[in-house]
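Enquirer: Encoded as structure tokens, here's the structure I'll be asking about.
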Amino acid sequence: MSNEQQFIIGESPAFLEIIEQTSRAAGHDRAVLVIGERGTGKELIASRLHYLSPRWEQSFIQVNCASLPDTLLESELFGHEAGSFTGAVGKRIGRFEEANNGSLFLDEIATISLTAQEKILRITEYGTFQRVGSNKTLNTDVRLIGATNIDLPSAADKGDFRHDLLDRLALDVITLPPLRSRKGDILILAFHFGQKVAQELKWSSFPGFSNEMVETMMDHNWPGNIRELKNVVERAVYYAEHEFEPVHQIILDPFNSPHRPAPLTIKNEISAETNNKHDQAEAVQGPINYHQTLDRFEKELLQNALKANKFNQRHAADYLSLNYHQLRHQLKKHNLLG
Ligand SMILES: Nc1ncnc2c1ncn2[C@@H]1O[C@H](COP(=O)(O)OP(=O)(O)OP(=O)(O)O)[C@@H](O)[C@H]1O
Ligand SMILES: [Mg+2]
């Protein structure tokens, strides 16, 4: 895994606490849940959990549970016998079997179907499972690491996630702070990413960032967290013209352009929902901050949907063509849960 060689950077107290919790959790061989917004480093922490554990020499298998439809995911996880469903030509070993004695990282675990969750619960309790299309019971000894950016307890309350599986998985829960809550790490990470690109460009050294760029980075709220910071810094260093001048050309929003197509769907919905003239003017004039504008729009849309539905969340979800679970996630993201 390439993650194995990746540095984990950070010095803020919130980050150091996470690193300490990760080291402790690596030792106990029980399931761990890693929770955090997109780009906060869940994958990096999951791989650290494996490589610091007594299982480090065994396999570390990763599955993105959101990338496959339910039936294919079951066959991916548990394997299948030849001919067990259309398209199942040969026999297939599942990831749980492959990860035997090692660790299995289930990314985006909240998207797993209730049927597959039941099978996973069996594995966590008895270490037994069956391949799809087979009655034969097999054994596996796997350390489970799950990751999600969704609030699993409310998913369980809503019936989308099994409470019993959640209890099994939640022996240790590592919740990663968003970058905006550990501002002390922004510049350290930015330097790290900047230095890496400078090295790639064969610069003799990395000249650092201009004061304005530092200020912009410190003020931004980084909805995409560390991944977003990494992209912004890489872009800035690649665009820099002089190796010896502090990097200064920061582009937070690469979509920003006078020729950018109007965000028609969103704009129409804003007008329909709020008839907000200020927003309309801003969208056509530019420059606008893509992430901040979207954030504000999302929040407004949610507030209006709630209002229009007398604060009944289920109705508001239907109104926005979201499921209840997705709506709750959005409300939480925008601090609208009260
Ligand atoms: N502490 C850190 N030090 C250095 N790089 C980091 C750190 N945390 C995250 N990164 C980098 O940021 C990027 C995003 O991290 P990662 O993929 O682990 O996030 P994630 O939480 O799994 O995101 P998503 O929810 O979108 O899958 C990766 O390139 C990763 O290497
Ligand atoms: Mg990830």
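Enquirer: Which residues, counting only those in the range 222-242, are touching a residue at least 40 places away in the same chain (Cβ under 8 Å) and exposed (fewer than 14 other Cβ atoms within 10 Å of the Cβ)?
Expert: Tyr238
Enquirer: Considering only helices (runs of 4 or more DSSP H) fully contained in the range 33-145, which possess at least 2 residues that are of a type in the set (Lys, Arg), within 16 Å of ligand 1 (Cβ to nearest atom) and out of contact with any His (no Cβ under 7 Å at 6 or more places or on another chain)?
Expert: Working: elements: 42-51, 70-78, 95-98, 114-126.
The helices (runs of 4 or more DSSP H) meeting that bar are 42-51.
Enquirer: Next question, about the same structure. Which one is modelled with the highest pLDDT among residues in the range 152-172 that are touching a strand residue (DSSP E or B) at 6+ places or on another chain (Cβ under 8 Å) and not in a helix (DSSP H, G or I)?
Expert: As a first pass, look at the range 152-172 and keep what is touching a strand residue (DSSP E or B) at 6+ places or on another chain (Cβ under 8 Å): 152, 169-172.
Next, only the ones that are not in a helix (DSSP H, G or I) stay: 170-172.
Details: Ala170: 92, Leu171: 90, Asp172: 95.
The qualifying residue modelled with the highest pLDDT is Asp172.
Enquirer: Give the residue, chosen from Ala190, Ala198, that is farther than 19 Å from Pro254 by Cα and either of a type in the set (Gly, Ala, Ser) or in the same structural domain as Ile9 (by TED's automatic domain parsing) (or both).
Expert: So the residue among Ala190, Ala198 that is farther than 19 Å from Pro254 by Cα and either of a type in the set (Gly, Ala, Ser) or in the same structural domain as Ile9 (by TED's automatic domain parsing) (or both) is Ala198.
Enquirer: I'd like the residue in the range 7-32 that is part of a loop (DSSP other than H, G, I, E, B) and in contact with a helix residue (DSSP H, G or I) (Cβ under 8 Å, 6 or more places away or on another chain) and, out of all such residues, is farthest from Lys196 (Cα to Cα).
Expert: Let us first name the residues in the range 7-32 that are part of a loop (DSSP other than H, G, I, E, B), namely 7-12, 28-31.
Subsequent filtering for residues that are in contact with a helix residue (DSSP H, G or I) (Cβ under 8 Å, 6 or more places away or on another chain) retains 7-12, 31.
Numbers: Phe7: 11, Ile8: 14, Ile9: 13, Gly10: 16, Glu11: 19, Ser12: 21, Ala31: 34 Å.
The qualifying residue farthest from Lys196 (Cα to Cα) is Ala31.
Enquirer: Sort out which residues of the range 197-228 are under 14 Å from Asn289 (Cβ atoms) and in a loop (DSSP other than H, G, I, E, B), and write them in order of number.
Expert: Within the range 197-228, His220, Asn221, Trp222, Pro223, Gly224 qualify.
The values are calculated or read from the model by the stated rules, or taken from the named source; none is laboratory data. All of these numbers come straight from a predicted model, not from anything done at the bench. A quick note on method: Cβ atoms are made from the backbone with ideal geometry, for glycine too, and the neighbour counts reach across all protein chains shown.
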